[in-house]
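**Q** One structure follows; several queries about it will come next.
The values are calculated or read from the model by the stated rules, or taken from the named source; none is laboratory data. The shown structure was predicted, so the numbers you read here are calculated from the model rather than taken from an experiment. Quick reminder, even Gly has a Cβ in these numbers, built from the backbone with ideal geometry, and neighbours come from all protein chains shown. The area values use the complete protein model at the heavy-atom level, side chains included, leaving out ligands, DNA and RNA. Shrake-Rupley method; radii C 1.70, N 1.55, O 1.52, S 1.80 Å.
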Amino acid sequence: MSERKIRLSQMKEVREFVSVAGKCDFDIDVYYNRITIDAKSIMGVLSLDLSQVLTVKYGGKDAQFENILDKYAAA
């Protein structure tokens, strides 16, 4: 499993992230504190505290998904 830290602060960023995650054929989870959400669920991702850094864990490779992770990488 790979792990990256991201920050999503606007609705359009969440939509883009979930859209790209939904095209991947492997599991992707988003974590904040003890909460785990399926990254392919827009309602799930929106239920998280988007003012915080989120942890993304995934078990596959996809160039477009990697680009989104780079785009929203937490500094």
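**Q** Give the residue that is farthest from the chain's Cα centre (by Cα), with candidates limited to residues of the stretch 21-37 that are within 15 Å of ILE6 (Cα to Cα) and without any contact (Cβ under 8 Å) to a residue 40 or more places away in the chain.
**A** The residue in question is ASN33.
**Q** Kindly provide the set of residues from the stretch 3-18 that are assigned to a helix (DSSP H, G or I) and farther than 17 Å from ASP62 by Cα, ordered by number.
**A** MET11, LYS12, GLU13, VAL14, ARG15 - these are the residues of the stretch 3-18 that are assigned to a helix (DSSP H, G or I) and farther than 17 Å from ASP62 by Cα.
**Q** Does GLU3 satisfy the criteria of being among the acidic types (Asp, Glu) and open to solvent by less than 70 Å² (accessible area, probe 1.4 Å)?
**A** No; evaluated as a whole, the condition is false for this residue.
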